[in-house]
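> Below is one structure. I have some questions about it.
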Amino acid sequence: MCGIVALIGSREAAPQLLEGLRHLEYRGYDSAGIATVALAAGATGGGQLHCLKAEGKLINLTARYEALGAPGQCGIGHTRWATHGKPEERNAHPHLDGSGRLAVVQNGIIENHRSLREELQAEGVTFLSDTDTEVIPHLIARRLGLLQAADQATDAALLLRAVQDVLPLLQGAYALAVVWAEVPSGLVVARKQAPLLIGLGEGEFLCASDTPALAGFTRTILPMEDGEVALLTPLGIELYDAQGARVQRSPSLLSGTEHVADKRSFRHFMLKEIHEQPETAALWVARHLPEDGPLPSPEGLSLVALPLDEEVYENVERIQILACGTSRHAAQVGAHLLEQLAGIPTSVYYASEFRYSPPPLVPHMLTIGVTQSGETADTLAALAMEQERRQLMADPAFAPKLLGITNRPESSLGRLVPHLLDIGAGIEVGVAATKTFLGQLLAFYGLAVAFAERRGHGSGGPDPQRLRALVAELRGLPALLQQLVESHDQRCADLAHLFAETQDVIFLGRGINYPIAMEGALKLKEISYIHAEGYPAGEMKHGPIALLDARVPVVSIAVPGTVFEKVLSNAQEAKARDAQLIGVAPACPDTEQLFDLLLPLPEVDELLSPLLTVIPMQLLSYHIAAHRGLDVDQPRNLAKSVTVE
Ligand code: M6R
């Protein structure tokens, strides 16, 4: 959460800082601010600090900048997702030291900020905000005072030294940037368990929390590693590790997928991204499903081509998947596939729970982390913890085997795990995940087929004919999706007004579509603020059915297969309680008679149905929120990338 930028070069910094923040706004939009350092007129050494902040979205800060300006060729910026302190201007970053000459922006959480604050207050420091971050400028200023008193020259190296001395005092995860009016031609950045990348331009450097802020500036980047600190001047980058040793590392190139997205003719990014799903599927099919090959056999594994080392598949007896939010719902569909298709016992955990109550270690485990952003703090920490505890085991059967599934291969996840599946969905701007969810599902279909092929029929894997039929249907997915997105867009738009007064919605699904019911509920909650629950349809009678009456619509996913009749019966039970029934089901006499409203689906193999049933879920949520006039792409209280615990 929160996005930070920092720029140093030979042109005015503020416009580029604001542009960088525009591309980081998905990380938080409670407030924004910048601080620049300009050479004071006639001054020989130090400069002047200019700090602007505004509550709310970046547009408010931009208006303030246009009215007041912020001169200087060196500066830092921040877009905030509130953790400590309300989303008010006084809690907006940058935060300053007591002299108002040193400014800091931070993304993360300083866990020991209370004790540090008390210590500083006891020394006479006055705090102006409720944030954890504000301790940092005061600590750096205190250290600078001591170093200056010891006759150290006032230059960029002194600022670097002071920051390096203060960092060990900070507990938690952070990425931060510091400017000091005394050194208008230098700034310091540092990171610990929060992302930070340096972009190398022509005689200028732009540092940012994420690649979209860099994409229009440069393609040459230097991702900072955990614990690193860097001094940026117009002359170059000095990079140091956590122990203060100088680090030399070559920059890399941003991949082609990092281009900044635009909305095209769509009203919201979310709608555009829903409409991009046929393309997401077509790209995936083209990359990973080679043309019809021979029947799978131990010698000729042919149905799916994933860019993974064979080692990933070897000696896997169990799989555990760690993820949060929508990624976790994709993981639940994945677990169903890995168990039902490949016969591998698979468990899914909330990453935030796994970190503090991991299950006992078992041998031959593949651990999969799923995160579209590759930056979700809980998922990264859970994976790192699993890696560490397995590395301590002497028995090689317990050795860590970690695979990541992400849309951002250059992210922290990409640097943490040795094996990676890139879903290649292209940048997703809407806070509500849509096309990346589909991409994650497809990654799991590929993985489950690949495992099933290797295990072979008879040892837990399915009949090769069945696998082959599934893959053939997957090839037809892009066309089905195209048809479904187009037909349901208008249908869901037409239904949206029916939910104008709705306060609660229940989503029901069973088997492989239970996670899709949960995903439908999550989508509706996050963008329309309507209370919604996703439930396994068969569980309703064990309690939640008490909630139902004519005011609570029930969305029921019913696809032909193992549980079709059961789901229809469960829907019938809801109808008997006067609930308005919306069916996501194929049109047939049974469904047309049962459901008050039908969002019809083409018939596919039940195992593939989540790839289709999710589309009406996304479109229904989108249109309900849009009809209510809500900020669909930037819903309240949320951020696209949750980089705090
Ligand atoms: O980047 P990740 O996939 O790790 O994000 C996990 C969740 O924060 C995310 O899926 C969240 O639930 C979305 N806003 C859902 O639309």
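> Just in region 156-252: which GluC sites (Glu not before Pro) are loop by DSSP and have at most 12 other Cβ atoms within 10 Å?
Here the sparse-neighbourhood loop sites are Glu202.
> Any idea what the alpha-carbon Rg over 2.2 N^0.38 Å comes to for the chain?
Taking N as the residue count of the chain, the ratio is 1.03.
> Compute the Cα gyration tensor for region 566-645, then decide on rounded, prolate or oblate, letting a ≥ b ≥ c be the square roots of its eigenvalues: rounded whenever a/c is under 1.5, prolate when a/b is larger than b/c in the other cases, and oblate in all that remain.
Because a/c hits 1.5 or more and a/b exceeds b/c, region 566-645 counts as prolate.
> If a helix is a whole DSSP H run, which ones in the chain reach 18 Å or further along their own axis (Cα) and hold a mean Kyte-Doolittle hydropathy of at least 0.0?
Details: long enough: 135-149 (21 Å, 0.95); 325-340 (23 Å, -0.41); 377-391 (21 Å, -0.70); 435-455 (30 Å, 0.59); 477-495 (26 Å, -0.09); 514-528 (21 Å, 0.21); 610-627 (26 Å, 1.00).
Helices meeting the span and hydropathy rule in the chain are 135-149, 435-455, 514-528, 610-627.
> If you add up the charges near Ser556, with Lys and Arg at +1 and Asp and Glu at -1, over every other residue whose beta carbon is less than 10 angstrom from its beta carbon, what do you get? Intermediate values should be presented prior to the final figure.
Values: positive: Arg510, Lys575; negative: none.
Overall, the nearby charge balance is +2.
> Let me ask something else. Can you give me the relative contact order of the chain as a percent, contacts being Cα pairs under 8 Å and 6 or more apart?
Relative CO of the chain lands at 12 percent.
> Among the listed pairs Lys57/Lys401; Lys263/Lys523; Lys523/Lys575; Lys435/Lys541; Lys263/Lys575, give every one whose C-alpha distance is greater than 31 Å.
Violating the 31 Å limit, Cα to Cα: Lys57/Lys401; Lys435/Lys541; Lys263/Lys575.
> Same structure, new question: With a cap of 14 neighbouring Cβ atoms within 10 Å, and only residues DSSP puts in a loop, list the GluC sites (Glu not before Pro) found in region 482-552.
Glu501
> How large, in percent, is the carbon and sulfur part of the accessible surface of region 498-645 at a probe radius of 1.4 Å?
The C+S portion of the solvent-accessible surface of region 498-645 is 49 percent.
> Please work out whether region 132-250 counts as rounded, prolate or oblate from its C-alpha gyration tensor, where a ≥ b ≥ c are the square roots of the eigenvalues and a/c under 1.5 means rounded, while otherwise a/b larger than b/c means prolate and anything else oblate?
Prolate shape, in that a/c is at least 1.5 and a/b is the bigger ratio.
> Dipole of region 18-125, Cα-centred, from +1 at each Lys and Arg C-beta and -1 at each Asp and Glu C-beta, to the nearest 20 debye?
180 debye
> Okay, moving on. Region 574-645 to region 162-194: how many Å between their Cα centroids?
46 Å
> Apply the a/c threshold of 1.5 to the C-alpha gyration tensor of region 1-132 and tell me whether it is rounded, prolate or oblate.
In terms of gyration-tensor shape, oblate.
> What is the sum of charges, Lys and Arg at +1 and Asp and Glu at -1, for the other residues whose Cβ falls under 11 Å from the Cβ of Glu89? Could you put the intermediate results ahead of the total?
Values: positive: Lys53, Arg64, Arg80, Lys86, Arg90; negative: Asp30, Glu55, Glu88.
Net local charge, Glu89 excluded: +2.
> Here is a follow-up. So what is the 222 nm mean residue ellipticity for the chain from helices alone, if each DSSP H run of at least 4 adds -39500 (n - 2.57) and you divide by all residues, rounding to the nearest 500 deg cm²/dmol? Intermediate results must be reported in sequence, preceding the final value.
Values: 19 runs with 223 residues, N = 645.
That comes out to -10500 deg cm²/dmol.
> Could you let me know the centre-to-centre spacing of region 65-115 and region 229-291, using Cα atoms, in angstrom?
The two parts, judged by their Cα centres, are 26 Å apart.
> For region 517-561, just the Cα set please: Rg and Dmax, both in angstrom.
Looking at region 517-561, its Cα Rg and Dmax stand at 11.3, 33 Å.
> I'd like the distance separating the alpha-carbon centroids of region 526-544 and region 7-64, in whole Å.
Region 526-544 and region 7-64 have Cα centres spaced 44 Å from each other.
The values are calculated or read from the model by the stated rules, or taken from the named source; none is laboratory data. Computed from a predicted structure; not experimentally measured. Every residue, glycine as well, gets a Cβ built from its backbone with ideal geometry; the counts of neighbours run over all protein chains shown. Areas reflect the complete protein model, heavy atoms only, side chains present, ligands, DNA and RNA absent. Shrake-Rupley method; radii C 1.70, N 1.55, O 1.52, S 1.80 Å.
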